[in-house]
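Visitor: Please see the structure below; I have some questions.
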Amino acid sequence: MSPAYGVTAVVLVLLAAVLIGAFGIRVSRTTSDFYVASRTVSPLWNASAIGGEYLSAASFLGVAGLILTYGADMLWLPVGWTGGYLVLLVLVSAPLRRSGAYTLPDFAEARLESMVVRRASSVLVVLIGWLYLMPQFQSAGLVFRTVTGAPTWAGGLLVAVVVALNVLSGGMRSITFVQAFQYWIKLTALAVPLVFILIAWRSGGSPGLPPGDPWALPLHGREHPVYATYSLIMATFLGTMGLPHVLVRFYTNPDGRAARRTTLLVLTLLGAFYLMPAVYGYLGRVYGLPATDAVVLTLPGRLVGGTAGELLTALVTAGAFAAFLSTSSGLAVSVAGVIAQDLTGGGVRPFRRSTLLAVTVPFVLACVARPLPVADVVGLAFAVAASSFCPLLVLGIWWRRLTTVGALAGLLVGGGLACAAGVATIVGGPYSGWKEALLAQPAAWSVPISFAVMIVVSLLTPSRVPRNVARTMVRLHTPETLDVDRGDWRPRSV
Amino acid sequence: MTEKRISDLLRVSRSAADADRPRRVVVTSPRTAAARRPRRPLTTEIDEQTRLGEVYMVSLVRTQFRLALFVCTVLGCVVGGLPLLFLLVPELRSAELLGVPLPWLVLAGLIYPAFVVGAWLYVRQAERNERHFAELMDQE
């Protein structure tokens, strides 16, 4: 195809993101604006923003590519990425908003009254954030190269610069609007070509798969499919609540009730989006496309010829760039926020310096590291989150006897084991047999270990229960309409 | 405790002075066994972390946790049960419904609206629990 359409699409998306972001400059003046958009964002805006932030390159391109490569088992990936919000809704959303914390380390400090636990959480947030940012920059490079033929680093650099500009100029207020806008771009960019594709498919006599194609059957395709499926379910359903860029979004709700309603809307928006990648994957198989992440980009051109096909391809490319931009922006804000608060003591200027750090490190990593499949690295980030922050949040919110020592031990053991398994997979692989399955999908064993360590160590150290746990429980669970003493803890940056 | 007694006395004397209080009437069935209304706002019990306040807080947290656990159990049965079902009944893997393979129909379609309905029911019930708790606290 001619690169003109694709380049135009990319430039338009980048420009729109910068312009919309610039509107935020006027309204963001204080630190509080920068961090959480002054908590004046309505549920639909908020939910769109969460959706926009959450649907990364892995969702937009990776899911369809993986379904095309491995078949029906990969359908669990979007199911888990959506269902994770149901778990988050029932276990975490309202109490977390009521805690008044800005970030995961804030929550750890508020609940456990310990700076050590706070520091450990900060390190994990930065690690998860970088793990998630790196593949975004890498796939931006790959898409840009597919469309224009430019070197791989160029696309990543473009996205990194726009993200840094956006975060620096407006903070999160502008990011909220950018993110909300990105969700609708992504939905349109996948839905409109799909309509044309389906029309072309029907007029071509609705071809199907050859009967008995093992590709369409579940529990098939990889070694130890049952273990892999359950581990994937565990990582995605429990890891969602521990992603730093997702949680930061909940603080922009005015109260716990709004946080719940926002989550309900998020589930609806994500469900609508994830209906589509499976269809792309299925049709990719029907038409025998090569099994890569590019199936979303190539399918429109393959089925709809001529200028219309090129326009549709440009639209999908725009959507992909929206995906890189939005996820990277959200992650950059949270990683920068955590670095600024915990390494420099808060304020606007450290936040700016931290933003540069938050974007530069993963960009350099993306240039240096060998290209890894997006979904693998993203899956690792989910597994680390599920084995560290999921037990911290669930036990912290619902169990009074969680102690400082227990939480710290669980974070270090669970997060450490999941990180180690991931590093071994990325650096050491490929392995074979059970070793491969256990290391590539660590969640099924690392999450139970993390929970067990947190509970057992807490029970062994009953004297280390935080002093104000009763007051914290009041704060986390009573509705805001009641006039009760919720303690005087405030996030340190305000 | 003396503080409590003094505030009770004050309250009694104040209400006695209240002119437009309804006149006392004889009731046919004296409700001596009925629980007496608490004399202080219940939120004070929570603020002062008395035993009573603790009981109320524990009951709120427990109600919400039971609800959350119920939703998670149902979710776990559905999500954990599907691969097991496909493992134990291999015919289901290739079964078709409305011309679409059954696993695809469930995993790429029906499960998403099911999530939304489940979440909606949860939000409704959780808000109801909170409203009950607030009403309980308000009846002074």
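Visitor: Kindly check whether there is at least one residue in the range A:133-148 that is touching a helix residue (DSSP H, G or I) at 6+ places or on another chain (Cβ under 7 Å), closer than 21 Å to A:Phe250 by Cα and either open to solvent by less than 50 Å² (accessible area, probe 1.4 Å) or in contact (Cβ under 8 Å) with a residue 60 or more places away in the chain (or both).
Guide: Checked the range A:133-148: at least one residue is touching a helix residue (DSSP H, G or I) at 6+ places or on another chain (Cβ under 7 Å), closer than 21 Å to A:Phe250 by Cα and either open to solvent by less than 50 Å² (accessible area, probe 1.4 Å) or in contact (Cβ under 8 Å) with a residue 60 or more places away in the chain (or both).
Visitor: Could you grab the pairs with beta carbons closer than 7 Å, sequence gap of 6+ or different chains, first residue in the range A:78-97 and over 18 Å from A:Met234 (Cβ atoms), second one acidic (Asp, Glu) and outside any helix (DSSP H, G or I)?
Guide: Pairs found: A:Arg97/A:Asp255.
Visitor: What's the number of the condition B:Arg93 fails, among (1) more than 8 Å from chain A (Cβ to nearest Cβ); (2) surrounded by 14 or more Cβ atoms within 10 Å (Cβ to Cβ); (3) without any contact (Cβ under 8 Å) to a residue 24 or more places away in the chain; (4) basic (Lys, Arg)?
Guide: Only one criterion in (1) more than 8 Å from chain A (Cβ to nearest Cβ); (2) surrounded by 14 or more Cβ atoms within 10 Å (Cβ to Cβ); (3) without any contact (Cβ under 8 Å) to a residue 24 or more places away in the chain; (4) basic (Lys, Arg) is unmet by B:Arg93, namely (1).
Visitor: Here are some conditions: (1) open to solvent by less than 30 Å² (accessible area, probe 1.4 Å); (2) in contact (Cβ under 8 Å) with a residue 40 or more places away in the chain. A:Trp398 meets all but one. Which one does it not meet?
Guide: Result: A:Trp398 passes all but (1).
Visitor: Condition first: within 7 Å of chain A (Cβ to nearest Cβ) and either outside any helix (DSSP H, G or I) or more than 18 Å from A:Thr268 (Cα to Cα) (or both). Now tell me which residues in the range B:96-118 satisfy that.
Guide: Answer for the range B:96-118, where residues must be within 7 Å of chain A (Cβ to nearest Cβ) and either outside any helix (DSSP H, G or I) or more than 18 Å from A:Thr268 (Cα to Cα) (or both): B:Pro101, B:Pro103, B:Trp104.
Quick grid of which residues meet (1) closer than 30 Å to A:Ala308 by Cα; (2) of a type in the set (Gly, Ala, Ser); (3) modelled with pLDDT of 80 or more:
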{"site": "A:Arg145", "(1), (2), (3)": "yes, no, yes"}
{"site": "A:Trp153", "(1), (2), (3)": "yes, no, yes"}
{"site": "A:Val159", "(1), (2), (3)": "yes, no, yes"}
{"site": "A:Val162", "(1), (2), (3)": "yes, no, yes"}
{"site": "A:Ala180", "(1), (2), (3)": "yes, yes, yes"}
{"site": "A:Val192", "(1), (2), (3)": "yes, no, yes"}
{"site": "A:Ile199", "(1), (2), (3)": "yes, no, yes"}
{"site": "A:Pro211", "(1), (2), (3)": "no, no, no"}
{"site": "A:Ala216", "(1), (2), (3)": "no, yes, yes"}
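Visitor: Out of the residues in the range A:454-484 that are open to solvent by 60 Å² or more (accessible area, probe 1.4 Å) and of a type in the set (D, E, K, R), state the one that is nearest to A:Asp255 (Cα to Cα).
Guide: In this case the residue turns out to be A:Glu480.
Visitor: Hey, which of the helices (runs of 4 or more DSSP H) in the range A:229-304, taking only ones fully inside, have at least 2 residues that are within 14 Å of chain B (Cβ to nearest Cβ), touching a residue at least 12 places away in the same chain (Cβ under 8 Å) and of a type outside the set (Gly, Ala, Ser)?
Guide: In the range A:229-304, the matching helices (runs of 4 or more DSSP H) lie at A:256-286.
Visitor: Given the conditions (1) away from chain B (no Cβ under 14 Å); (2) of a type outside the set (Ser, Thr, Tyr); (3) open to solvent by 10 Å² or more (accessible area, probe 1.4 Å), which single one is not true for A:Ala323?
Guide: Checking A:Ala323 against (1) away from chain B (no Cβ under 14 Å); (2) of a type outside the set (Ser, Thr, Tyr); (3) open to solvent by 10 Å² or more (accessible area, probe 1.4 Å), the one that fails is (3).
Visitor: Say whether the condition of being over 26 Å from A:Gln341 (Cα atoms) and within 14 Å of another protein chain (Cβ to nearest Cβ) is met by at least one residue in the range A:458-467. Working first, answer last.
Guide: As a first pass, look at the range A:458-467 and keep what is over 26 Å from A:Gln341 (Cα atoms): A:458-463.
From the residues that got through so far, the ones that are within 14 Å of another protein chain (Cβ to nearest Cβ) too are none.
Taking every residue of the range A:458-467 in turn, none turns out to be over 26 Å from A:Gln341 (Cα atoms) and within 14 Å of another protein chain (Cβ to nearest Cβ).
Visitor: Something else about it: Taking the condition closer than 29 Å to A:Val374 by Cβ and within 14 Å of chain B (Cβ to nearest Cβ), does A:Ala72 pass? Working first, answer last.
Guide: Numbers: closer than 29 Å to A:Val374 by Cβ: yes; within 14 Å of chain B (Cβ to nearest Cβ): yes.
Criteria met by A:Ala72.
Visitor: Select from the range A:211-225 the residues that are open to solvent by 50 Å² or more (accessible area, probe 1.4 Å) and more than 16 Å from A:Leu68 (Cβ to Cβ) and write down the one among them that is farthest from the other protein chains (Cβ to nearest Cβ).
Guide: Within the range A:211-225, the match that is farthest from the other protein chains (Cβ to nearest Cβ) is A:Glu223.
Visitor: For the range A:193-202, check the following and say yes or no: at least one residue is more than 10 Å from every other protein chain (Cβ to nearest Cβ), among the basic types (Lys, Arg) and without any contact (Cβ under 8 Å) to a residue 60 or more places away in the chain.
Guide: Narrowing the range A:193-202 to residues more than 10 Å from every other protein chain (Cβ to nearest Cβ): A:193-202.
Keeping just the survivors that are among the basic types (Lys, Arg) gives A:202.
Filter once more, so that each one left must be without any contact (Cβ under 8 Å) to a residue 60 or more places away in the chain: A:202.
Yes.
Visitor: Right, another one. Mind listing whichever residues of the range A:401-425 are open to solvent by 40 Å² or more (accessible area, probe 1.4 Å) and in contact (Cβ under 8 Å) with a residue 60 or more places away in the chain?
Guide: Within the range A:401-425, A:Arg401, A:Leu408, A:Leu412 meet the criteria.
Visitor: May I ask you to list the residues in the range A:397-415 that are of a type outside the set (Val, Ile, Thr) and within 14 Å of another protein chain (Cβ to nearest Cβ)? Can you show your working first?
Guide: To start, the set of residues in the range A:397-415 that are of a type outside the set (Val, Ile, Thr) comprises A:398-402, A:406-412, A:414-415.
Correct list: A:Trp398, A:Trp399, A:Arg400, A:Arg401, A:Leu402.
Visitor: Just to be sure I understand, how many residues within the range B:58-90 are assigned to a helix (DSSP H, G or I), farther than 29 Å from A:Gly396 by Cβ and at the interface with another protein chain (Cβ under 9 Å from one of its Cβ atoms)?
Guide: Selection size over the range B:58-90: 5.
Visitor: So which residues in the range A:426-443 are within 18 Å of A:Ala383 (Cα to Cα) and open to solvent by less than 30 Å² (accessible area, probe 1.4 Å), if there are any at all?
Guide: Result: A:Gly429, A:Ala437, A:Pro442, A:Ala443.
Visitor: Residue by residue through the range A:89-121, note down the ones that are more than 10 Å from chain B (Cβ to nearest Cβ) and of a type in the set (A, V, I, L, M, F, W, C).
Guide: Answer for the range A:89-121, where residues must be more than 10 Å from chain B (Cβ to nearest Cβ) and of a type in the set (A, V, I, L, M, F, W, C): A:Leu96, A:Ala101, A:Leu104, A:Phe107, A:Ala108, A:Ala110, A:Leu112, A:Met115, A:Val116, A:Val117, A:Ala120.
Visitor: Take the conditions surrounded by 22 or more Cβ atoms within 10 Å (Cβ to Cβ), more than 22 Å from A:Glu53 (Cβ to Cβ) and modelled with pLDDT of 90 or more and apply them to A:Leu267. Does it pass?
Guide: no
The values are calculated or read from the model by the stated rules, or taken from the named source; none is laboratory data. Keep in mind that what you see is a predicted model, and the values were worked out from it rather than measured. Positions of Cβ are backbone-derived with ideal geometry, glycine not excepted, and every protein chain shown enters the neighbour counts. The accessibility values were calculated without ligands, DNA or RNA, using every heavy atom of the protein model including side chains. Shrake-Rupley method; radii C 1.70, N 1.55, O 1.52, S 1.80 Å.
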